[in-house]
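The values are calculated or read from the model by the stated rules, or taken from the named source; none is laboratory data. Bear in mind that the values here come from a model prediction, so they are computed numbers and not experimental data. Neighbour counts run over all protein chains shown; Cβ positions are idealised from the backbone, glycine included. To get the accessible areas, we keep the full protein, side chains included, count just its heavy atoms, and leave off ligands, DNA and RNA. Shrake-Rupley method; radii C 1.70, N 1.55, O 1.52, S 1.80 Å.
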Amino acid sequence: MNDQRESVYAYVDGMNLYYGALKHNPGCRWLDVPSLMANLVPHLTIVHTRYYTARIKATFPGDPGPARQRTYLQALQSRPRITVKEGVYADWPRWQRLDETQGLDSPNPFRPRLKDAEARHVGRILQQAKDRQPSTRPFVLARIRQTEEKGSDVNLATDLLKDALGTRACRTALVVTNDSDLAYPLEVVHEFGVGVILVNPFLQSDQREATGLRHIPVHHRMQLKQSHLRSSQLPDPITVRGRRLTRPAAWQ
């Protein structure tokens, strides 16, 4: 039993965790990830936590998001027994359908934005299309920037296999993800005798476990809860290498 307690490694898909539990829950974003892992399995000892994320890019001039993330990662990496491995954000232009239901004057800053003259011109096009074909939904195409995080799932799978099959250091893996791309690596380590504890990071009751993960053999399945997040926050403020870091005001 002591050997099992001393061989638990945690692997956290940071972007999956963000979109599942933190995007609409800013008050919990100052998250102490190693403490969260310990709170999920208080009967076990977490030897090390591996956290996978990517540096976000500014979406508009003066966007405070990257600075907030930079402060958070500095605070997080000061905690014991954690490694942060970063992927990258890729972005490219693409065309997206913009229909009348989205609204040209929508306050959502992440929807395509048009200047006033462009908006009036597009509005006329939409109205003309609706007059010609009232039974269909008129639309135009807007050129937007598409962003996508790359590397976290591959990095997580690689470290999991390395720890479980290479060094044999990991005998129990606590994996926080709802990404079905990780189904096969989880099956492989299970076949080699590694116990997998799989945690679904999506708090919404309607967000079920990803289809690709439902049938893989695991030792135990868990659902992340709001109480886990609230009880696993970093100190505020926290001092890192003589620098005082505080929770961003938007995360209060």
For the stretch 40-65, how many residues are more than 22 Å from Leu182 (Cα to Cα), free of Cβ contacts under 8 Å to residues at least 40 places away in the same chain and exposed (fewer than 14 other Cβ atoms within 10 Å of the Cβ)? 6
Does Leu44 meet the test of being among the hydrophobic types (A, V, I, L, M, F, W, C) and assigned to a helix (DSSP H, G or I)? no
Answer yes or no: is there a residue in the stretch 166-175 that is open to solvent by 70 Å² or more (accessible area, probe 1.4 Å), more than 28 Å from Arg68 (Cβ to Cβ), at pLDDT below 95 and out of contact with any Gly (no Cβ under 8 Å at 6 or more places or on another chain). yes
Taking the stretch 57-88 and the residues there that are of a type in the set (A, V, I, L, M, F, W, C) and assigned to a strand (DSSP E or B), the one that is farthest from the chain's Cα centre (by Cα) would be Ile82
Please verify whether the stretch 229-245 includes one or more residues that are of a type in the set (A, V, I, L, M, F, W, C) and under 20 Å from Ala164 (Cβ atoms). no
Among the residues of the stretch 6-17, is any without any contact (Cβ under 8 Å) to a residue 60 or more places away in the chain, open to solvent by less than 20 Å² (accessible area, probe 1.4 Å), closer than 26 Å to His219 by Cα and of a type in the set (Val, Ile, Thr)? no
When you check Ile216 against the structure, is it of a type in the set (A, V, I, L, M) and either at pLDDT below 90 or open to solvent by 80 Å² or more (accessible area, probe 1.4 Å) (or both), yes or no? no
